[in-house]
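What follows draws every value from the coordinates through simple rules; no lab data is involved. What you see is a predicted model, and the numbers here were worked out from it, not measured in a lab. Note that we place each Cβ from the backbone using ideal geometry, even for glycine, and neighbour counts take in every protein chain shown.
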There are 2 protein chains.
Amino acid sequence: MRLANIYRHIKKDLERVEDLLSQSMATNQLELKQSSTHLLRAGGKRMRPVFVLLSGRFGTSNKQHVIDVAVALELIHMATLVHDDVIDNASLRRGQPTVKAQWDNRVAMYAGDYIISRALHIISDIQILKVHQELSKAIFLMCEGEIDQIRDLYKPQQSVKQYLSRIKRKTALLMSISCQLGALVSDAPPKVIQHLKLYGYYVGMAFQLTDDVLDFTGDEETLGKPAGSDLRQGNVTLPVIYAMQHLPEVERQLLDSFLSSQGKHPLTSETLLLVQKAGGNEFTLELSKRYLNKALDELKKLPSVQEQELLKMLAEFIVGRNY
Amino acid sequence: MRLANIYRHIKKDLERVEDLLSQSMATNQLELKQSSTHLLRAGGKRMRPVFVLLSGRFGTSNKQHVIDVAVALELIHMATLVHDDVIDNASLRRGQPTVKAQWDNRVAMYAGDYIISRALHIISDIQILKVHQELSKAIFLMCEGEIDQIRDLYKPQQSVKQYLSRIKRKTALLMSISCQLGALVSDAPPKVIQHLKLYGYYVGMAFQLTDDVLDFTGDEETLGKPAGSDLRQGNVTLPVIYAMQHLPEVERQLLDSFLSSQGKHPLTSETLLLVQKAGGNEFTLELSKRYLNKALDELKKLPSVQEQELLKMLAEFIVGRNY
């Protein structure tokens, strides 16, 4: 199973999305031009546009608005990537930001703002008020989630519920709204919109759960970063929460002491192995499968058209991927 | 002449704006709640809402949408203040950010994003597409302006044109769009909208020019910061550009050497006095007056209602203020 098998069914639409992405980031401002070119070249799987385009085939009308929504949601995704990079530790050299790093950070912040406003601009001629209401709501919920995540960095005691609430806003919300808005602007029936919205939510949860396991089990080459990067940066994911709850006292203290040091102690390979040993990865993948099944259940309630099958393949690919 | 004389004519509307501002920033997220409470308590002159409300009286319809636009534009103004504070030198202690400062910066970034999305949400039920098109366009132009400003920090050779283009996007644009959108959602005639839009632009330019002089001439107590703060932070405003072009070679080099050091050399009171001596303040105030007159000329083309007179008083107050 390869993503290309899904993508070839929407090839022309995806090409239009790609063209519009370039156009919509066009600017004469040098620094913005550089960063947007960089972002576009970096590519990515364009998952959100694919969700929008496939969901947009359950209705009958306004192909152009479906494309516009696909572009807008990819732009918003890009903006979150740009803002996520602001003031991360990578930009600090031994805790000491150079003047350049400070400037780069400020530029990155405004570049993210710029991309968000471009996203808004491209959908500003869509008359359906619900599109704007749902999208702005999604953005402020995502912001709340980001701040929760910052507040919860390195916190040793966290509940599964807190974690799920975080990944919902961090990841699942944007995938959910991609499906919802694609269907909405194509004028799909309300029930179909609702099922697609839920499908996107469940797939998003399953995706992030798998992703958080891959951070421990993937190899550096395919991940593009060393294993355990999330934990190293203080992001306490479900495998870690599980380990904190299930490791024997002595071993738990090792993990606890890393977290309590707020990342000042190095994360040893011993501690990383402990997390693996605790069984949190298996627990997390099991939960991911449950969300995947919920997503597939929603699909069963949709008309059995080709797009239904493509969304099924997409969900299975996303959750079963090993990179 | 006091602002209160203008404000009392729109007292009830301003109270509704204030209520809605609080409501629209309501959140259960602790850090966001703290920062939004802080912002609201800090007050401010609510100049953008006043522009919206007064402009919104030139049409006949939809009072609620005028209020909503007033709230949205004040929120966007607040978001720019929050983002302006991110990674400024104040948050660095001897160039060394504490973990807390890093977190605070990230929280401030997302708090700004949150406030922007709240602004969008509050106007998301306005059917007039032009409102959304113009607003998103204004935001991306403002972002371009912010990045230009960062790029131009400490640059000794700058043209008046570059400076005017920066303050246009930094300040005048949001004031201009406040007047434009207030009139637009109240269904004012197209010509009236156009005059108000230009009025806002000219007032905004005059305001920023005055502001840039006050940074040199104001005293620390009323400014809330030491004189010369802009220059100290590398913001090369018109009085400095003028000084660079008109000071005798030997004195110019003093100023040049401060700028070339990128703020590493301290800004001496001698250098500050040089800028004053060069006559740039007078030149800048003269230009400010010219913009003020252009603003008043636009007002003359409006129906002679009470609001026309209030906008005139407001412009004269803003430009003539000494704090």
Cα centroid of region B:1-63 to Cα centroid of region A:236-278, whole Å: 49
Non-local Lys pairs in region B:236-323, i.e. 8 or more apart or on different chains, that have alpha carbons under 22 Å apart: 7
Considering Cα pairs under 8 angstrom that are at least six residues apart, work out the relative contact order of region B:3-320 and quote it in whole percent. 20
Can you list the distances in nanometres, one decimal and ascending, from the B:Pro266 label point to the identical position in each other copy, with the point 7 Å along Cα to Cβ? 4.2
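Name the shape class, rounded, prolate or oblate, that the alpha-carbon gyration tensor gives for region A:3-320, where a ≥ b ≥ c are the square roots of its eigenvalues, rounded holds for a/c under 1.5, and otherwise prolate holds if a/b is larger than b/c and oblate otherwise.
oblate
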Determine the gain in length on full extension of the stretch B:Glu309-B:Leu273; use 0.36 nm per residue of separation and subtract their C-alpha separation, reporting nm with one decimal. 9.1 nm
For region A:103-210, the count of lysine pairs 8 or more apart or interchain whose alpha-carbon atoms are under 26 Å apart comes to 17
Which of these, A:Ala227, A:Ala72, A:Ala295, has the largest mean-square fluctuation under a Gaussian network model of chain A (Cα springs below 10 Å)? A:Ala227
Calc'd 3J(HN,Hα), region B:4-15, phi into Karplus 6.51 cos²θ - 1.76 cosθ + 1.60 (θ = phi - 60°), Hz, glycine/Pro = x, comes to 4, 5, 7, 4, 5, 6, 10, 4, 5, 5, 5, 5
Looking only at B:Phe258, B:Phe207, B:Phe51, which one moves most when chain B is put into a Gaussian network model with springs between Cα atoms under 10 Å? B:Phe258
Vicinal HN-Hα couplings computed from phi for region A:105-120 (Karplus, 6.51 cos²θ - 1.76 cosθ + 1.60; Hz; Gly/Pro x): 5, 5, 4, 4, 4, 6, 5, x, 4, 4, 5, 4, 5, 5, 4, 5
Taking B:Lys63, A:Lys197, B:Lys264 and counting other C-beta atoms within 10 Å, the order from fewest to most: B:Lys264, B:Lys63, A:Lys197
If the reach is capped at under 15 angstrom between alpha carbons, list the aspartates and glutamates near A:Lys33, excluding any in the same chain fewer than eight residues apart. A:Asp104, A:Asp113, B:Glu144, B:Glu146, B:Asp148
Hey, how many Å between the Cα centroid of region B:102-165 and the Cα centroid of region A:150-206? 28
Kindly put B:Lys137, B:Lys33 in sequence by how many other C-beta atoms sit within 10 Å of each C-beta, fewest to most. B:Lys33, B:Lys137
Proxy exposure order for B:Val240, B:Val250 (fewest C-beta within 10 Å first) is B:Val250, B:Val240
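In whole percent, what relative contact order does region B:161-303 give with Cα contacts below 8 Å and a gap of six or more residues? Walk me through the numbers on the way to the answer.
Values: 160 pairs, mean separation 42.2, N = 143.
Here the relative contact order equals 30 percent.
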Per its Cα gyration tensor (rounded if a/c is under 1.5, else prolate when a/b beats b/c, else oblate), region A:103-148 is best filed as oblate
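Quick one: grab the alpha carbon gyration tensor of the protein assembly as shown, order the square roots of its eigenvalues as a ≥ b ≥ c, and give me rounded if a/c is under 1.5, else prolate or oblate depending on whether a/b is larger than b/c. Don't skip to the end; give the middle numbers.
On the way: a/c = 2.14, a/b = 1.41, b/c = 1.51.
Oblate shape, in that a/c is at least 1.5 and b/c is the bigger or equal ratio.
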Pick out which of A:Gln64, A:Gln157, A:Gln29 has the largest mean-square fluctuation in a Gaussian network model of chain A, springs linking Cα atoms closer than 10 Å. A:Gln29
I'd like the orientation of helix A:63-84 relative to chain A: the angle between its Cα long axis and the longest Cα principal axis, in ° from 0 to 90, rounded to 10. 20
For region B:116-218, treating each Cα as an identical point scatterer without solvent, what Debye log10 I(q)/I(0) comes out at q = 0.11, 0.18, 0.23 1/Å? -0.41, -0.93, -1.24
